[in-house]
Amino acid sequence: MRTLRIGCALVVIAALCLRVPPAAGSAEIQWKAILLAGDSSAPVFDNATRDLARLLERRGVQVVATFSADRAKVSPTVPQATHEELRRLPTWVRPSAGEGCLFFATSHGTTKGLRLPQDPRAKILTPDELDEVVTATCGEAPTVLVISACHSGTFIRATTMRPQRIILTAAREDRKSFGCRPERRYTFYDGCLLTELPKAATWEDLHARVRGCITAKEASRTDPASEPQAFIGEGMKDVPLPRAR
């Protein structure tokens, strides 16, 4: 058994006898994207899902669901960002052979999970709850989770790491991320993601570029660095990003 460090996340890779599905990078994946703005206290979250949708669609990605916490934006085609609506995803989103899932969520966060303040019952989406939704929706399809929030490194844990999954987070579990002020267009992480995605070749490359972008943005701050994290499943090595069409 050997240990691989990506960012500050430790990933234990089982011995070579472990059966791992074929690498997803061996063929181009047709991505289905699910985008979630979990909080409406600042426009930065909906700005990010809106502009990421445009960027992805120019690369042939099908944006199949966009969730918002802003009640003015909620409609029959834009569900509210709640546990109940997320649990409905498997009834109308199901990747076929050759397709993969891209789940992007941006909100405030805690060490327990992602904040969903408009949910009438539970204000936090925990890592295990998100894993349950994503597994029910995407099954064994190649899956990328991008979680943009303070303390979002909490989503990289034994119960969420899978061979056919990539998880990118805006911060370490014990660190904040920055840029949630109402006067900003995006959070620091979301802005870097949107800037660097068109330049990157693979998801690993995107993570490295975003970390560099974040380091530059945070250089003048006195707060502890956010230190974005990444987990790359064994079946997801060198998976290319969707290309511009």
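Read-outs throughout are calculated quantities, based only on the coordinates presented, and are distinct from any laboratory measurement. Everything numeric here is computed off the predicted structure, so don't read it as measured data. Counting neighbours? That spans all protein chains shown, and the Cβs are built from the backbone with ideal geometry, glycine included.
Here are the numbers for this structure:
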{"quantity": "Distant-in-sequence amide H partners of residue 124 (H built 1.01 Å from N, under 5 Å)", "calculated": "116"}
{"quantity": "Long-range HN-HN contacts of residue 81 with modeled amide H, under 5 Å", "calculated": "68, 69"}
{"quantity": "Whole-Hz ³J(HN,Hα) from phi, Karplus 6.51 cos²θ - 1.76 cosθ + 1.60, for the range 145-153, glycine and proline x", "calculated": "10, 10, 10, 10, 5, 4, 6, 5, x"}
{"quantity": "Size descriptor, Kirkwood hydrodynamic radius, that averages inverse alpha-carbon separations across the chain, Å", "calculated": "17.9 Å"}
{"quantity": "Using θ = phi - 60° and Karplus 6.51 cos²θ - 1.76 cosθ + 1.60, couplings along the range 78-86 (whole Hz; Gly, Pro as x)", "calculated": "10, x, 6, 7, 9, 4, 4, 5, 4"}
{"quantity": "Debye log10 I(q)/I(0) at q = 0.16, 0.17, 0.21 Å⁻¹ for the range 155-245, Cα point scatterers", "calculated": "-0.69, -0.77, -1.07"}
{"quantity": "Semi-axis lengths, Å, the range 82-121, gyration tensor of Cα atoms, sqrt of 5 times eigenvalues", "calculated": "25, 14, 7"}
{"quantity": "5 angstrom amide H check on residue 238, placed H, neighbours 5+ away", "calculated": "204"}
{"quantity": "Mean ellipticity per residue at 222 nm, deg cm²/dmol - from DSSP H runs of n ≥ 4 across the chain, formula -39500 (n - 2.57)", "calculated": "-7000 deg cm²/dmol"}
{"quantity": "Prolate/oblate/rounded call for the range 80-180, Cα gyration tensor, a/c under 1.5 rounded", "calculated": "oblate"}
{"quantity": "Residue-by-residue Karplus 3J(HN,Hα) for the range 39-44, coefficients 6.51, -1.76, 1.60, Hz, glycine and proline x", "calculated": "9, 10, 6, 8, x, 4"}
{"quantity": "Protection-proxy order for peptides 136-145, 30-39, each taking the mean of Cβ atoms within 10 Å per residue, highest first", "calculated": "30-39, 136-145"}
